[in-house]
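See structure below.
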Amino acid sequence: TSNHFRHVESMATLPSGAGKISKLNAVILGEALASEEDDLIVPSQDFSAQAHICSPEKYLEMYKRSIEDPAGFWSDIASQFYWKQKWGQPVYSENLDIRKGRINIEWFKGGITNICYNCLDTNIAAGNGEKIAIYWEGNEPGVDATLTYNQLLQRVCQLSNYLKDIGIRKGDAVLIYLPMLMELPIAMLSCARIGAVHSVVFAGFSSESLAQRIMDCKPKVVITCNAVRRGPKTINLKDIVDTAMVETAQNGTVVDVCLTYENESALEKESTKWVDGRDIWWQDVVPKYPATCDVEWIDAEDPLFLLYTSGSTGKPKGVLHTTGGYMVYTATTFKYAFDYKPTDIYWCTADCGWITGHSYVTYGPLLNGATVVVFEGAPNYPNPGRCWDIVDKYKVSIFYTAPTLVRSLMREGDEHVTRYSRKSLRVLGSVGEPINPSAWRWFFNLVGDSRCPISDTWWQTETGGFMITPLPGAWPQKPGSATFPFFGVQPVIVDEKGVEIEGECSGYLCVKSSWPGAFRTLYGDHERYETTYFSAFPGYYFSGDGCRRDKDGYHWLTGRVDDVINVSGHRIGTAEVESALVSHPLCAEAAVVGFEHEVKGQGIYAFVTLVEGVPYSDDLRKSLILTVRKQIGAFAAPDRIHWAPGLPKTRSGKIMRRILRKIASRQLDELGDISTLADPGVVDQLIALSDS
Ligand code: PRX
């Protein structure tokens with residue numbers, strides 16, 4: 001293991017051939033420097049004694065085997081699942097080296113299984129039919145519901161039967177646009193049961209984003225609901241779907257069926273707009289179907305789902321995950337990273353519209369037979385104590401959330417936390433962006449009463465499951481570090497030439513060799529898959545993140561190094577926001593960068609050049625922001641619009657974002673060399689407009 005772990009000075013820029021990757025972000029967590037490295041928080045003896053992985057030695061022993069004998073290591077784990085037919089040989093095959101031809105990853109090929117069967121039927125067969133699978137907590141306190149494993153299976157089977165009846169078959173795409181109702185995991189599992197490929201679109205995306213995704217994956221059916229209440233607001237989802245479908249139809253993609261769940265608490269059925277012949281109320285049809293449904297047995301390498309995520313160009317990428325490896329990987333990472341035990345009550349605050357909700361609300365926990373809390377509402381509604389109210393109500397023992405939520409609750413004051421017991425908590429988790437040490441400490445000391453280890457899990461939509469994560473009983477923790485790789489994962493840090501650097505260093509985070517949960521392609525665009533992830537540093541999967549490894553081998557994620565910004569743990573491509581802005585008739589040009597934001601981690605900072613002669617005004621600023629909300633979704637709305645009569649460009653016309661980032665973060669004395677600009681005067685002009 002020592003080769004995981006030693007110091008090289010930080011980074012310059014990538015070779016010019018490497019596309020749009022920019023200079024490595026400076027450690028955005030200014031705090032996470034040297035002194036943090038020496039702050040070790042050791043798990044209590046009691047905790048370690050009961051943990052699956054109780055010591056560094058135990059971890060190292062398993063880790064070593066997972067690297068030296070991946071086939072044996074993962075076969076042993078995979079054997080604990082139900083397979084209709086065992087996988088063939090080799091257990092896995094891979095080519096991650098673009099110089100050797102097509103990128104290819106396969107695990108357990110020839111193995112026949114079904115992930116829904118492994119989530120539900122096998123747990124029921126093991127005697128857990130009456131165990132609670134889902135505690136559902138509505139937006140309004142006091143509105144709740146439960147489903148046992150038996151009930152969940154019945155609900156899933158009814159929907160599977162309905163989907164089959166309307167002609168959905170193995171391999172067909174089903175688009176799901178639902179909020180955090182129980183029907184969301186039900187719909188995912190129903191698709192998986194019959195081999196249909198689900199594509200969940202986060203219900204905060206706008207009609208235009210939804211339309212774009214519908215046109216890409218061409219589903220026969222869209223599953224949605226009439227409306228949802230999030231905090232004090234009602235969002236009329238069905239209207240958004242209707243608008244999207246008008247747009248897709250104009251472009252030749254007609255969706256046959258829109259199955260609409262009636263969410264009574266949000267909106268009257270009568271006020272929902274309706275297209276006869278296409279729209280069907282879920283409650284009118286689904287409950288009439290039989291509550292048992294045979295599963296479709298599928299190959300480990302058959303697709304399970306598509307999930308769109310942002311990249312450095314405007315078009316979202318359809319990340320494709322397959323069945324067998326994803327199943328084994330999400331279940332195993334869940335078990336070890338949260339030290340899961342059958343008595344745990346688990347709550348992950350993520351929405352199933354993101355990968356975290358796929359892997360760690362639905363599949364990972366249910367594969368383990370866990371009891372999961374699914375929460376419809378906003379975590380600060382009706383007050384900032386809501387999370388701890390829910391923790392106490394359900395006796396949540398594992399609580400998994402995002403740093404942005406931790407930071408926003410931190411600002412509300414400790415009394416919102418301390419007035420709840422929180423005694424049930426045992427393990428805490430963090431995901432989505434680097435957690436700054438001060439937020440880490442507040443989470444650890446206050447929320448967890450200095451008793452609960454924090455699993456700061458680094459991973460991505462593409463990786464399917466955790467890649468670098470603490471195993472809570474094993475290692476001492478360092479606030480702000482994701483610690484060490486999960487079993488089977490070989491993270492490497494490379495320099496700008498793609499050369500691996502050993503020991504203490506910082507650089508670009510890559511992964512050498514595949515792991516079962518890895519994505520297999522980008523839907524319909526294998527070439528983009530290869531160029532985006534496997535070309536910058538041939539021989540490796542490139543994550544898009546920067547990383548520092550300290551003298552003890554701990555990993556410190558430093559943020560994206562490409563043109564992707566991470567706002568409240570949501571990935572947003574700067575190009576997507578730019579293309580939304582320039583679609584505004586009065587916007588001539590736009591350049592978007594991230595800037596440090598106290599609560600969101602990063603905020604969106606847009607430099608906008610207006611069409612010649614148009615006066616800059618506050619109304620126009622609002623209207624530009626509205627355009628982005630409409631085209632992408634509210635979560636992508638720029639935090640700042642900076643008027644830019646001109647943008648800093650090189651003589652070849654390339655925008656120098658490095659300079660824009662410095663202006664956005666007001667680091668005006670660090671602008672660097674601006675002499676290569678076509679017109680260095682624009683910089684002064686921009687600075688003069690900084691506070692307008
Ligand atoms: O920059 C990293 C950040 O989130 C990115 C992945 O975003 P997405 O695919 O939307 O998945 C989010 C949930 C897994 C990464 O490239 N990120 C995620 N987790 C962490 C993180 N950065 C630092 N620490 C983490 N624990």
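Going 7 Å from the Cα of Val599 along its beta-carbon direction, which residues of region 374-395 have the amide nitrogen within less than 11 Å of the resulting point?
Only 380 pass the distance filter.
Roughly what percent of Cα-Cα pairs across region 338-416 reach past 19 Å?
36 percent
Long-range amide H contacts for Gly539: which residues qualify at under 5 Å (H placed 1.01 Å from N, peptide plane, sequence gap of 5 or more or a different chain)?
Ile98, Arg99
Determine the percent antiparallel among the DSSP beta bridges restricted to region 381-511, to the nearest 5.
Working: 8 of 15 bridges.
That works out to approximately 55 percent antiparallel.
Please compute the length gained on full extension between Thr343 and Asp294, using 0.36 nm multiplied by the number of residues separating them and subtracting their Cα-Cα distance.
Result: 14.7 nm gained on full extension.
Any chance you could check the Cα centroid distance between region 436-513 and region 183-232 for me, in angstrom?
What the calculation gives is 31 Å, centre to centre.
Hey, any idea what % of the chain's accessible area is carbon plus sulfur with a 1.4 Å probe?
The C+S portion of the solvent-accessible surface of the chain is 51 percent.
Could you work out how far apart the two model spin labels at Asn95 and Arg651 are, taking each label as a point 7 Å from the Cα in the direction of the beta carbon, and quote it in nm?
With each label placed 7 Å out from Cα toward Cβ, I get 4.2 nm.
Which residues among region 355-397 fall inside the zone where the amide N is under 19 Å from a point 7 Å beyond the Cα of Asp449, along Cα→Cβ?
Counting only backbone N, you get 385-397.
Only bridges whose two residues both fall in the chain count here: according to DSSP, what percent of them are antiparallel, nearest 5?
Numbers: 62 of 101 bridges.
That works out to approximately 60 percent antiparallel.
With a 1.4 Å probe and every protein chain left in place, work out the accessible area per residue of the chain in Å², rounded to a whole number.
Details: 24820 Å² over 692 residues.
Using a 1.4 Å probe on heavy atoms only, each residue of the chain averages 36 Å².
Taking the Cβ of Glu262 as the center, what net charge do the other residues with Cβ under 12 Å away carry, scoring Lys and Arg +1 and Asp and Glu -1?
Net local charge, Glu262 excluded: -4.
What are the ³J(HN,Hα) values, in whole Hz, obtained from phi via the Karplus relation 6.51 cos²θ - 1.76 cosθ + 1.60 with θ = phi - 60°, for each residue of region 490-504 in sequence order, with x given for Gly and Pro?
Going residue by residue, I get 10, x, 10, 10, 10, 8, 5, 8, x, 9, 4, 10, 9, x, 6 Hz, with x marking Gly and Pro.
Residues of region 371-395 with backbone nitrogen within less than 16 Å of a virtual label 7 Å along the Cα-to-Cβ line of Glu415, please, listed as ranges.
So the set is 383-386.
For each pair in Lys497/Lys654; Lys335/Lys393; Lys58/Lys423; Lys64/Lys478; Lys315/Lys630; Lys273/Lys622, compute the distance between the two Cα atoms and list the pairs where it is over 26 Å.
On the way: Lys497/Lys654 22 Å; Lys335/Lys393 23 Å; Lys58/Lys423 29 Å; Lys64/Lys478 23 Å; Lys315/Lys630 16 Å; Lys273/Lys622 29 Å.
Pairs exceeding the cut-off: Lys58/Lys423; Lys273/Lys622.
Using mean Cβ contacts within 10 Å as the protection proxy, how do 534-546, 128-140, 241-253 order, highest first?
Order by mean packing, descending: 534-546, 128-140, 241-253.
Out of every Cα-Cα pair in region 289-424, what percent are more than 18 Å apart?
Of the Cα pairs, 64 percent sit more than 18 Å apart.
The values are calculated or read from the model by the stated rules, or taken from the named source; none is laboratory data. Note that this is a predicted model, so its numbers are computed, not measured. Here the Cβ is made from the backbone with ideal geometry for all residues, glycine too, and neighbour counts use every protein chain on show. Each accessible area value is taken on the protein alone, full model and side chains, heavy atoms only, with ligands, DNA and RNA left out. Shrake-Rupley method; radii C 1.70, N 1.55, O 1.52, S 1.80 Å.
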